[in-house]
Amino acid sequence: MKNYIIIKKKIGNFKKKFIEVEGDKSLSIRFVLLSALTKGKCSATNLLKSEDVLNAINCVNKLGIKTIFKKKKTEIFGRGLFGLKFKKNLTLNTGNSGTTARLLCSLLIDSNYQIKITGDQSLKKRDMKRIINPLKKFGAFFLSEKGKLPLLIKGTKFPRPIKFTENLGSAQCKSAVMIAALKSNGVTKLKCLPSRNHTELMFKNIFKIPIKIVKKKKYEIFNINGQKELKPFNYKLPGDISSASFFIVLTLLSKNKTLKIKNVNLNSSRSGVLKILKMMGGKIKILNLRNYKGERIGDIIIKSTDKLNSINLNSKYNSSAIDEFLLIFLVACKCKGISIFNNLSELNKKESKRLDWGIKILSSMGVRVKKIKNSGIKIWGQENFDLNKKITIKNYLKDHRILMVCVIAALTLGGNWKIYDRNCYKTSFPSFKETLKKLGAEIK
């Protein structure tokens, strides 16, 4: 079977007026890992069944956790904070998921055996020092000092509370410290730059852990009490804003389209893409806004627009839209004038070097683009930009977001596209192609 997809035609009239996207990936992975630490049955509705989440489930299964899949629900039977089963010569494969790999290490800080954590070729290139350093302070031993997967970790019988400053703005690092703190005897003090706040929302609103968060200058300061057993919980996963963003941009860049995306997670630490697209002239409205276990959920209504504005983006928005910048670059192609984005070094620490790939893709499309100092990018947009050339995309480390953004580019800007690694979108968004086809896209 050929390992590429071909798109030769822009999308026509939408065949549906509204869609729903699959469950939030960040929340799905956290549900799996934290459920394993509860004492009893946890149940999730609309859990994302992507490769990343299924790998997280496979890992906790190997640690003695029972999982049952039903039609609409996923049940996970936790064994308590210190109930995981550690075995000799155990290997846990986290696939492509950096979140799973980094947070999983926290579950293992009390392991009495050496455990190997590995992943795919892409994940093996990503930095793990950001979680190795704080977890060593808790008492965990890392027998591989390269700072990348595979990691060999052995825990301690007595994880100790720590003081740690996180300077990367990494939600995964912050979450790893928070989860490890649950197993320590005492109060862990964490000072960190603002980042996605799903873990602290779950701690406060689901587990009722009395976290105190104090804002001091540019930092947030946490105090976390350890060794309190977690009660089992039920969770209804909202749609993933990152998945929804592909359809938001699809609508914005198409002609005379309107689309509603229902029940999307609009957490302010994740939904910066909406603010940025609105600043660029995107017609986006939020309806039915509500709170669910600390998360903001709502319906997004998007309308096509012929007039988009270039932007010189303040980098304070970067962390809340870090996974959507390839899509934002795509929108900048259709803006009148020059758009500038700075301080995006974190993009090159993802599944692939996304900043470099963004430049490569835009250049192949014929867009004038330039990498600038401070890990930035400058894009010269054209209101009437339209493609009529052949474009081939391959050798991008099977980065799911690169494939999906290229599909959206083909369906909105035109051209004859051949995109390799045709199924890698299943890493994060298994129904991506199916949802596009239901809207009327022709993908071969």
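Read the figures in this text as sums done on the coordinates, not as results from a lab. Owing to the predicted nature of the structure, the values given are computational and were not obtained by experimental measurement. All Cβ positions, even for glycine, are placed from backbone atoms using ideal geometry, and neighbour counts span all protein chains on display.
Below, the figures for the structure above:
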| read-out | value |
| --- | --- |
| Label point at Lys204 placed 7 Å out along Cα→Cβ; residues across the range 261-289 whose backbone nitrogen lies under 13 Å | 268-269 |
| Selected from Gly239, Ser364, Ser106, residue furthest toward positive end of dipole (the chain; charges at beta carbon) | Ser106 |
| Label-to-label distance, nm, for residues given as Thr156 and Leu287 (7 Å Cα→Cβ offset) | 5.5 |
| For Ser310, distant residues with modelled amide H under 5 Å away | Lys336 |
| Pairwise centroid distance, computed over Cα atoms, of the range 204-272 with the range 90-142, Å | 24 |
| P(r) of the range 184-294 over all Cα-Cα pairs, binned every 5 Å from zero, in whole percent | 2, 9, 16, 18, 14, 14, 11, 7, 5, 2, 1, 0 |
| Peptides 394-406, 146-158 ordered by average Cβ neighbours within 10 Å, highest first | 394-406, 146-158 |
| Separation of the Lys444 and Lys41 label points, Cα + 7 Å toward Cβ, nm | 5.0 |
| FRET efficiency, Asn312 to Lys146 (Cβ-Cβ, R0 35 Å, nearest 0.05) | 0.35 |
| Cα-centred dipole magnitude for the chain, charges only on beta-carbon of K, R (+1) and D, E (-1), debye, nearest 20 | 160 |
| Computed Kirkwood radius, in angstrom, where 1/r is averaged over Cα pairs of the range 360-429 | 13.2 |
| Separation in nanometres of the label points that stand 7 Å from Cα toward Cβ, at Lys15 and Glu75 | 3.7 |
| Alpha-carbon spread of the range 308-444, three principal axes, descending order, Å | 38, 32, 25 |
| Length released on extending from Lys191 to Lys228, taking residue separation times 0.36 nm less the Cα-Cα span | 11.2 nm |
| Residue (of Phe142, Ile284, Leu259) at the positive-pole extreme of the chain, dipole from beta-carbon charges | Phe142 |
| Cα convex hull volume per residue for the range 25-225 (Å³) | 105 |
| Cβ-Cβ FRET estimate between Tyr4 and Gln114, R0 fixed at 30 Å, reported to 0.05 | 0.15 |
| Packing rank of 318-330, 201-213, where each peptide gets the mean count of other beta carbons within 10 Å, highest leading | 318-330, 201-213 |
